[in-house]
Amino acid sequence: MIPTINAAITAVGGYVPEYRLTNSELEKLVDTNDEWIRTRTGINERRILKGAGSGTSDMIVPAVQEILNKRNMKAEEIDCLIVGTVTPDTIFPSTANIACHKLGAVNAWGFDLAAACSGFLYALTTGAALIESGRYKKVIVAGADKMSSIVDYSDRTTCIIFGDGAGAVLLEPNTEGYGVLDSLLKSDGGGGHHLHMKAGGSVKPASIETVTNKEHFIYQEGQAVFKHAVKDMADVSYELLQRNNLTGDDIAWLVPHQANKRIIDATANRIGLPAEKVMLNIQRFGNTTAGTIPLCLWEWQDKLKKGDKLVLAAFGGGFTWGATLIKWGC
Ligand code: UT7
């Protein structure tokens, strides 16, 4: 009998820029205050990638390099790089192509995948399918965003939330039942107008008018997004557990997208997980969009034990949302 191939995460890498944008610094830019930001979002500071000419690929490269160093692997061994991002270096070529070139991953193909805050889960599920097919042996999935490139630092409703960062995982075949076990991914384009960028695409290309109207920044109706996020991220996590005959007691860690601590708490409550089983770094990194989940795995990797079951959950622009069940294998 041919054994089932699962895609196991066999190494994790991450990168956050050095510059810390604190709540008190934001107080100088917009009409806000540290207490409001902390109590409404859970964020104390976020990292910002400084330097002209620096883009999302410059955060992916060190994250992937960390994986290569840990596994004593050469860049030439990478089969494929999938990048979840909404802040690509350029519209084309893809950030995956640019990062592969910078890394020297000359045998890899790759592509970018735009699913906003669910970008890492969509990319992970896609990368896992490449491994499960038996066709590829080493697939790297990155979630990375330079949100500071699309944040309006005069808009107090968005500039307090977002930060820059990148995380990446190596997927390899496993026949002992470790790895990505199930994924439940959803989308609803009807919610798109609540969280989007108004211009810069084919419908409304960049013009003097779009720049003047600040239409190349994030537009978010916070409350509407919040209401959907609280319900949908919790529901999809619950549904994933139910269809795998699991309860919160079977789960070692919830790895939630870090958009707002209140959304994370609602998801943890719904699936019955106490705070000590929830990965939380929003206070230090803010919302790095596709970067949040792999950055949690990066920070928590030493605490993870072989066989731990993890639920990864996200909600974001699109709307897109989903949850993934993983049996930790390294
Ligand atoms: O990751 C992608 C998906 N995104 C999300 O999941 C984000 C979801 N949304 C949120 O996290 C929250 O909606 C926000 C953090 C964006 C906003 O928090 P909120 O509790 O929903 O605030 P609100 O928009 O209901 O505003 C409450 C009050 C308003 O004042 P009034 O009308 O009550 O006088 C706002 O003008 O807070 C005011 N406000 C602020 N005050 C100080 C809004 N932003 C700020 C601010 N500082 N930065």
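Assorted remarks:
- Cα-Cα over 31 Å, subset of 74/231; 102/277; 70/146; 186/309: 74/231; 102/277
- Electrostatic bookkeeping for residue 102 treats Lys and Arg as +1 and Asp and Glu as -1; over the other residues with beta carbon under 11 Å from its beta carbon, the sum is -2.
- Global size of the chain: 18.8, 65 Å for Rg and Dmax (C-alpha atoms, Rg to one decimal, Dmax whole).
- Once both labels are positioned 7 Å from their Cα atoms along Cα-to-Cβ, the gap between residue 242 and residue 24 label points is 4.8 nm.
- Stretched out straight at 0.36 nm per residue, the stretch from residue 70 to residue 204 would grow longer than its current Cα-Cα span by 43.8 nm.
- Contact order relative to length of the chain, as percent, for alpha carbon pairs under 8 angstrom and 6 or more apart: 26 percent
- Counting DSSP beta bridges with both ends in the chain, the antiparallel % (nearest 5): 70 percent
- Highest average packing first - 215-221, 314-320, Cβ atoms within 10 Å: 314-320, 215-221
- Per-peptide packing, taken as the mean over residues of other Cβ atoms within 10 Å, places 152-162, 284-294, 196-206 in the sequence 284-294, 152-162, 196-206 from highest down.
- Extension gain, residue 133 back to residue 35 (0.36 nm per residue minus Cα-Cα distance, nm): 30.3 nm
- The distance linking segment 120-194 with segment 201-228 is 22 Å (Cα centroid to Cα centroid, whole angstrom).
- Cross-link partners of residue 204 among lysines (Cα-Cα below 18 Å; sequence separation of 8 or more within a chain): 214
- Point-to-point label distance, residue 156-residue 215, nm (Cα→Cβ direction, 7 Å offset): 2.7 nm
- Stokes-Einstein D for segment 251-330, Kirkwood Rh over Cα pairs, 10 °C, 1.306 mPa s (µm²/s): 125 µm²/s
- Taking Cβ atoms as reference points and 9 Å as the exclusive limit, the residues near residue 6 contribute a net charge of -1, counting Lys and Arg as +1 and Asp and Glu as -1.
- By average C-beta atoms within 10 angstrom, highest first, the peptides 223-230, 300-307, 93-100, 52-59: 93-100, 52-59, 223-230, 300-307
- Taking 15 Å as the straight-line reach from the Cα of residue 305, the aspartates and glutamates in range (excluding those fewer than 8 positions away in the same chain) are 250.
- Taking N as its residue count, the alpha carbon Rg of segment 89-237 over 2.2 N^0.38 Å: 1.21
- Element breakdown for the chain at a 1.4 angstrom probe: carbon and sulfur atoms account for 52% of the accessible area.
- The residue among 78, 122, 63 whose Cα reaches farthest toward the positive pole of the charge dipole of segment 1-152, with charges on the beta-carbon of Lys, Arg, Asp and Glu, is 78.
- Relative contact order (%) - segment 6-177, alpha-carbon pairs under 8 angstrom, separation at least six: 34 percent
- Charge tally in the Cβ shell below 13 Å around residue 269, where Lys, Arg are +1 and Asp, Glu are -1, residue 269 excluded: +3
The values are calculated or read from the model by the stated rules, or taken from the named source; none is laboratory data. The structure presented is a predicted model; accordingly, all values stated were derived computationally and were not measured. Neighbour counts are summed over all protein chains in view; Cβ atoms, including those assigned to glycine, are modelled from backbone coordinates with ideal geometry. The protein model used for the area step is the full one, side chains on, heavy atoms only, and it has no ligands, DNA or RNA in it. Shrake-Rupley method; radii C 1.70, N 1.55, O 1.52, S 1.80 Å.
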